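> Take a look at this one; I'll ask things after.
None of the figures in this text is laboratory data; all of them are computed from the coordinates on show. Bear in mind that the values here come from a model prediction, so they are computed numbers and not experimental data. Heads up, the Cβs are rebuilt from the backbone with ideal geometry, glycines too, and the neighbour counts pull from every protein chain shown.
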Amino acid sequence: MKAIIYFTSTKKHISEKVANQYEGDVFKLEDVKSRPKNFLLQLLIYGYITVRGKEINYKPLTLDIDQYDHIVLISPIWAGKITPFMQSFIKDYKIKNKDLSLIVTCGSENEDYLNEFRSLIDDSNTIIEERQYKASDLD
Ligand SMILES: Cc1cc2nc3c(=O)[nH]c(=O)nc-3n(C[C@H](O)[C@H](O)[C@H](O)COP(=O)(O)O)c2cc1C
């Protein structure tokens, strides 16, 4: 069984478009606070949160991770990193012994993005897929 976990914030919902390419149970990470949809304001607010490494909460998920053998993690890149929401999810769920797909969506491609994502993952997991999507390819 496959679980797809994603976060999205821009009006274009690029990461959601990627999530919709997978078949399985889909879980959306959502900010507990409502934040601006304006891209520039997001850059300011979310960029600040990311650069400062601030803890950020997402709405609780009805996800029982033990039910799934394959987890697909999809995150936009903010300020050169996967979003703090996905970082919090990885910390909270302590994913172990799963097949993983690691997917980033970004403005411009950079191999460091997936390197950083991988570094957050427990070694007991098997990474079976890594992908990087440029937002302009999915507009
Ligand atoms: C706050 C913020 C910071 C961003 N920082 C970067 C960045 O450092 N590098 C990059 O390539 N794209 C960056 N982007 C662009 C997003 O990663 C890209 O548009 C992504 O596909 C958005 O996904 P979404 O539509 O699912 O929210 C940033 C976007 C936002 C809103």
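> So what is the orientation-averaged projected area of segment 2-137, using the convex hull of its C-alpha atoms, in nm²?
With every direction weighted equally, the projected area is 7.6 nm².
> Quick one: which residues, 5+ away or cross-chain, put their amide H under 5 Å from the amide H of residue 72? H built at 1.01 Å from N.
So residue 72 has HN proximity to 3, 4, 5, 101.
> Of 33/96; 96/134; 12/59, which pairs sit farther than 26 Å apart, going by alpha carbon to alpha carbon?
The answer is 33/96; 96/134.
> I need the helices of the chain that pass two filters: whole DSSP H segments spanning 24 Å or more by Cα along the axis, and mean Kyte-Doolittle score no lower than 1.0.
Correct list, ordered by number: empty.
> Also, I was wondering about something else. Residue 72: net charge of surrounding residues, Cβ under 15 Å, Lys/Arg +1, Asp/Glu -1, itself excluded?
With Lys, Arg at +1 and Asp, Glu at -1, the neighbours total -1.
> Right, something else. Sum up the charges of everything whose Cβ sits under 14 Å from the Cβ of residue 32, counting Lys and Arg as +1 and Asp and Glu as -1, but leave residue 32 out.
Neighbour charge sum, excluding residue 32 itself: +1.
> Could you list which residues have their amide H under 5 Å from that of residue 105, counting only those 5 or more apart in sequence or on another chain, with H placed in the peptide plane?
Hits under the 5 Å cutoff: 75, 77, 133.
> Provide the net charge surrounding residue 49, with neighbours chosen by a C-beta distance below 13 Å and charges set as Lys +1, Arg +1, Asp -1, Glu -1.
+3
> When the Karplus curve 6.51 cos²θ - 1.76 cosθ + 1.60 is applied with θ = phi - 60°, which whole-Hz ³J(HN,Hα) does each residue of segment 124-139 get, with x for Gly and Pro?
Karplus values, whole Hz, x for Gly and Pro: 5, 7, 10, 7, 9, 7, 9, 9, 10, 10, 7, 3, 5, 6, 10, 4.
> Ok, one more. Report, in deg cm²/dmol and to the nearest 500, the calculated mean residue ellipticity at 222 nm for the chain, where each DSSP H run with n ≥ 4 adds -39500 (n - 2.57) and the sum is divided by the residue count.
The per-residue figure over the chain is -8000 deg cm²/dmol.
> Where nothing but the Cβ of Lys and Arg (+1) and of Asp and Glu (-1) is charged, how large is the charge dipole of the chain around its Cα centre, in debye to the nearest 20?
Its charge dipole is roughly 700 debye.
> Between residue 64 and residue 35, how high is the FRET efficiency from 1/(1 + (r/R0)^6) when r is the Cβ-Cβ distance and R₀ = 41 Å? Nearest 0.05.
Approximately 0.90, to the nearest 0.05.
> Put a dot 7 Å past each Cα toward the Cβ at residue 139 and residue 57; how far apart are the dots in nm?
3.7 nm
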